[in-house]
1. Run through the DSSP bridge list for the range 125-214 and note the antiparallel percent, rounded to the nearest 5.
2. How long are the three semi-axes of the equivalent ellipsoid for the chain, computed from the Cα gyration tensor as the root of 5 times each eigenvalue, in whole Å, largest first?
3. Convert each backbone phi in the range 202-218 into a coupling constant with the Karplus relation 6.51 cos²θ - 1.76 cosθ + 1.60 (shift: θ = phi - 60°), then list the ³J(HN,Hα) values in order as whole Hz, x for Gly and Pro.
4. Hey, got the Cα dimensions of the range 16-122 along the principal axes, in Å, largest first?
5. May I ask what percent, to the nearest 5, of DSSP beta bridges between residues of the chain are antiparallel?
6. Name the longest site-free stretch of the chain, where the excluded sites are chymotrypsin sites (Phe, Trp or Tyr not before Pro) in a DSSP loop with no more than 15 other beta-carbon atoms within 10 Å.
7. At what distance in angstrom do the alpha carbon centres of the range 230-245 and the range 25-92 lie from each other?
8. How would you rank Arg277, Arg87, going from fewest to most other Cβ atoms within 10 Å of each one's own Cβ?
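Nothing in this text is a laboratory measurement; each read-out follows from the coordinates by a stated rule. Not measured: the values here are computed from a predicted model. Note that each Cβ is placed from the backbone with ideal geometry, even for glycine, and that neighbours are counted across all protein chains shown.
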Amino acid sequence: SAVTYTLADGVNGGLASNYSLAAGSATGVITAKGVTIGGGSVLGKVYDGNTTASVTASVTITGLVAGEALGTTTATGTFASKDVGTRSVAASYTLTDGANPLHLAGNYNLLNPTETLSAAITAKGLSITAPLIGSKVYDGNTTAGVVTVGTLSGFVGSETVTASGAAANYSSANVGSYSSAVTYTLADGVNGGLASNYSLAAGSATGVITAKITAKSLTVSGGAVTTKVYDGTTAAAITGAGLQLAISVGTGTSTDGKPYSVDSVALAGGTSGTFERYLPGTLIPVSTTMSVTGSGSGNYTVTQPTTLKGEITGSANLNRNGVALAVNSGSFLHIRDTTA
């Protein structure tokens, strides 16, 4: 624009009338007015694997000529990190023309085109399918069975994390079905998957699952079958059978066949059995129906002995209707009249 100047008297005797501006010096340039911008803010976001930030355009421009207003500024921003946390954001601004066609952004110079802001990146919620709690054999304590976690979903891209689960103790140590809440813990996975960038929703972080404690099978120690004379029945007498010595809770294994000392149990039905056949013979297999009695007996079953064998001897003299008979040992029953 052409600028016309007017001289005025100065100091030290300087009179305007004594001076003039050469024709070439009578024009000038209008430079852009410096303005500043502030008040920007960044929207927080859920973890999405990138650093893109959404910066609001509602900012304040300071230094505009009175009565002028520029349009909404445009802004872009970048988080300093993609990961969860409160992160700094470098915001970049650009001025735009105002609604009035005379209010031009080109008349202004933005002195601070960038601004450092901050916002939070929060963890992305994952989903998980129902877990399983394995049944356990009675061990005298309330510790839950082994947890098998469900399948996680909801990751960003190819990232993965892993989950482990811990089940709350059961309400009782005894055999039965119990409900237990499973709590999950996330751990770093592969392809850049950080546990800190993910979470399990409240409904997924714990799940109430029903699981079982099953009876421990006890092994019978000792036991011998008493030899008997043939009597026409399969009844067998057993001596010396008993349970193994009890062990403390927290020791032993689920398959050692031993009861726990917190229970007062004893062997029941350990003095009788059944021969496989009633005829005389040796090494005749004997079956049993032993069980457990006493306080805590419901936590156990008995593994029936499989090696019990006994003998039924023959040559017993019988008498029927006044007729004397004789029974001899062997594979077959021989009856003869001994009165002849």
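1. Details: 19 of 23 bridges.
The antiparallel fraction comes to roughly 85 percent.
2. Working: eigenvalues 2231, 52, 33 Å².
Three semi-axes, in Å: 106, 16, 13.
3. 3, x, 9, 5, 9, x, 8, 10, 9, 9, 10, 10, 9, 5, 8, 8, 9
4. 73, 25, 17
5. Values: 65 of 82 bridges.
Approximately 80 percent, going by the DSSP bridge assignments.
6. Details: sites that count: Tyr5, Tyr19, Phe332.
Formally, the longest exposed-site-free interval is 20-331.
7. With the range 230-245 and the range 25-92 each reduced to a Cα centre, they are spaced 95 Å.
8. Details: Arg277 11, Arg87 20.
Least crowded to most crowded, the residues run Arg277, Arg87.
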